[in-house]
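Okay, so here's the structure we're looking at.
The values are calculated or read from the model by the stated rules, or taken from the named source; none is laboratory data. Computed from a predicted structure; not experimentally measured. Here the Cβ positions follow ideal geometry from the backbone for every residue, glycine too, while neighbour counts run over all protein chains shown. Side chains are part of the model used for accessible areas, which takes the heavy atoms of the whole protein and leaves out ligands, DNA and RNA. Shrake-Rupley method; radii C 1.70, N 1.55, O 1.52, S 1.80 Å.
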Amino acid sequence: MFELETVQAMLKLLGEAALQLLVQPFYYIAILFIVLQYIRQMRMERQLFAVKLRDWKSLVFKSLITGLLIGVSVSLVGAFIGSTLTSTAVLWLWSITAVLMLIKIRYLCFAYSAGVITLLQWIVGFTPLADRSDWLGTLAVSLEQIDAAGLLLLVALLHLAEALLVRAQGDKLSTPLFLEGKRGKLVGGYFLQGFWPVPLLLLVPVTNDASMGISTNALPWTPLFGADWTQGWTFVALPMIIGFSEMTRSMLPRTKAKHAANGLLIYSVVLAAVAIIAWWQPILLPIAAITSFVLHEAIVWRSHWAESSRTPLYVHDSRGLRILGIVPGTPAEAMGLSVGEILYKVNGIRVRTKEELYEALVQNSAFCKLEVYNFEGELKFAQKARYAGDHHQLGVILAPDEQANYYAASGPASLFGLLRGMRASNRRGKSESNSEQIQG
C-alpha cells in the first residue's frame, strides 16, 4: 500500500516534472514538426485530386491525444523498469537528433540518436576528456553519466507502442498518390504517415542533478534497473516523438500497415533484449548501439524490398477502372466501394476510361447501379438512389491514366527542406528521386 507521504511526494514531483516539460522547447518542436508534415500532406491531396480528404487540424489533435495516452502508459511501465536518465540526457538526445535531421529527416527517429549517444559514451571512455576542466570536460562528464542501456530500452518500449499504433491506425492515416513508375509511367500508390508527440515523466533514482527536487521516501516497489533507489528518487520530463512513414504501390493500406507493424514489433523485442543484456554486461553496449540503428535500417530495407518484389497494384486493367481512393461523404462511400476494387459496369455500361465513366453516370440522374470486381476478383453489385444535394460525382479517386499530368513530389530529404516547404507535386516529365521515408 502507498503511504500518504509517498503519494504526496509523487504528486508534487510529478507536477514539477510536468512544468519542466511545458517550459522545454522540445515538446513544441515535435508538435511543429507534426503540423508541417500534415499540412504538406493535405496540400499534396489538393494538388493531385482537387479534393480535401481530411483536415490537418483534426489529425494533429488526435495525434496529441494519442501521444499523451502513450506517454502515460510508457511512463507507468518505466516506473517499474527504472533508469538513470536526467535532463542532461534530454539535451543530448534532442541535440544529436537535430544534427542527424540535417542529414536526413527520417533520422528523427530516436533509434539513431540513442545509438550515437551510446557509441560516443563508449568512445569517450577511452579518452582523458572527462579529466579536463574546460567545456570539453563538462560535455564528456555529462555524456558518461547517461544511462545508455536505459535509453536504448526506452527506445525499444516506444517502438513497441509505435508497432501497436501502426497496426491499429496505420491504414486510417493513409493518403492516395500518383507516383512516377518505370519509364515515366504513372501508377497509383499510398503514403502511410503518422506521428505522435509523447510526453514522458520518468521515475529516476536521485542523481547529482541539482535542478531537480528529490524525495527520500521509500518506494512501495523496487524498480528492476537503475542505481541505488534508497538514496532518493524524482521524476524527469522527457519529451519524445514517435512516428512512421511508408510508401506502397503494391499493397492495400491495411496490408502495408500490418507489414510495417510486424517489422517494428520485431525491432522492439530484439532491441529490448540486447539493451537488458548490455545493462548486465556493459562491455556489450557498443553492440547494443549498433543494433539500434543497423536493425532500424534493416526495417527500411525490408520495406523497399517488399515493394520492389511486387507488381504495382493501383493500375487499370482489361476489366475496368481501378479505384485508388474513396472521397468521404460521397455516394461511393455510401455504396461500400473499397480501395483496390475495379469498376466494371456503371448503369449497365462497360467503363474503361474516365470519360466513359462520366457518360455512364449521366445516363440515369435518379439512380446509380454498379458492377464491381472486389479485391478477391469476385463480381459484386452496388446501387444507390441519387437525390438533389448529393455529391455530383461518384466520389472515387481512380488510378492515374495517360492524361494525368501531376504526381507526388519526393519528400524533403533534410530538416532544411521541410522548413522551406518543398513543393508537394511535380509536373509529369520531371525526374525526381524516390521519396524519403521516416520510420521510428
Of the residues in the stretch 352-385, those that are assigned to a helix (DSSP H, G or I) and open to solvent by 70 Å² or more (accessible area, probe 1.4 Å) come to E355, Y358, E359
Of the residues in the stretch 253-273, those that are among the hydroxyl-bearing types (S, T, Y) and free of Cβ contacts under 8 Å to residues at least 60 places away in the same chain come to T255
Top-ranked residue in the stretch 301-342 [being in contact with a Lys or Arg (Cβ under 8 Å, 6 or more places away or on another chain) and not in a loop (DSSP other than H, G, I, E, B); ranked as nearest to L48 (Cα to Cα)]: L321
Looking only at the stretch 160-207, count every residue that is open to solvent by 30 Å² or more (accessible area, probe 1.4 Å), closer than 30 Å to L11 by Cβ and not hydroxyl-bearing (S, T, Y) and tell me the total. 4
In the stretch 386-404, is there at least one residue being in a loop (DSSP other than H, G, I, E, B), aromatic (F, W, Y), open to solvent by 30 Å² or more (accessible area, probe 1.4 Å) and within 20 Å of P253 (Cα to Cα)? no
Residue selected from the stretch 58-83 under the condition hydroxyl-bearing (S, T, Y) and open to solvent by 30 Å² or more (accessible area, probe 1.4 Å), by the criterion farthest from T138 (Cα to Cα): S58
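Per-residue answers, yes or no, for (1) on the phi < 0 side of the Ramachandran plot; (2) touching a residue at least 12 places away in the same chain (Cβ under 8 Å); (3) in contact with a helix residue (DSSP H, G or I) (Cβ under 8 Å, 6 or more places away or on another chain):
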| residue | (1), (2), (3) |
| --- | --- |
| T118 | yes, yes, yes |
| I146 | yes, yes, yes |
| A149 | yes, yes, yes |
| A168 | yes, no, no |
| D171 | yes, yes, yes |
| E180 | yes, yes, no |
| K185 | yes, no, no |
| L203 | yes, yes, yes |
Residue list for the stretch 24-44, restricted to those being more than 17 Å from I241 (Cα to Cα) and open to solvent by 20 Å² or more (accessible area, probe 1.4 Å): I39, R40, R43
On the basis of being touching a residue at least 24 places away in the same chain (Cβ under 8 Å), farther than 29 Å from R54 by Cα, among the hydrophobic types (A, V, I, L, M, F, W, C) and open to solvent by 60 Å² or more (accessible area, probe 1.4 Å), does I349 make the cut? no
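Conditions tested, residue by residue: (1) touching a strand residue (DSSP E or B) at 6+ places or on another chain (Cβ under 8 Å); (2) under 27 Å from P197 (Cα atoms); (3) of a type outside the set (A, V, I, L, M).
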site	(1), (2), (3)
S83	yes, yes, yes
T88	no, yes, yes
A114	no, yes, no
G125	no, no, yes
L129	no, no, no
S142	no, yes, yes
L158	yes, yes, no
All-but-one check, E371 against (1) under 36 Å from the mean Cα position of the chain (by Cα); (2) farther than 21 Å from D171 by Cβ; (3) not small (G, A, S), failing number (1)
Considering each residue of the stretch 120-144, count those that are of a type in the set (V, I, T), in contact with a helix residue (DSSP H, G or I) (Cβ under 8 Å, 6 or more places away or on another chain) and either open to solvent by 50 Å² or more (accessible area, probe 1.4 Å) or not in a helix (DSSP H, G or I) (or both), and give that number. 2
Residue under evaluation M247, criteria (1) in contact with a strand residue (DSSP E or B) (Cβ under 6 Å, 6 or more places away or on another chain); (2) assigned to a helix (DSSP H, G or I); (3) of a type in the set (A, V, I, L, M), criterion not met: (2)
Candidate set from the stretch 221-247 (those that are among the polar types (S, T, N, Q) and more than 15 Å from the chain's Cα centre (by Cα)); member that is modelled with the lowest pLDDT: T230
Touching a Leu at 6+ places or on another chain (Cβ under 7 Å), open to solvent by less than 10 Å² (accessible area, probe 1.4 Å), on the phi < 0 side of the Ramachandran plot and of a type in the set (G, A, S): does that describe A272? no
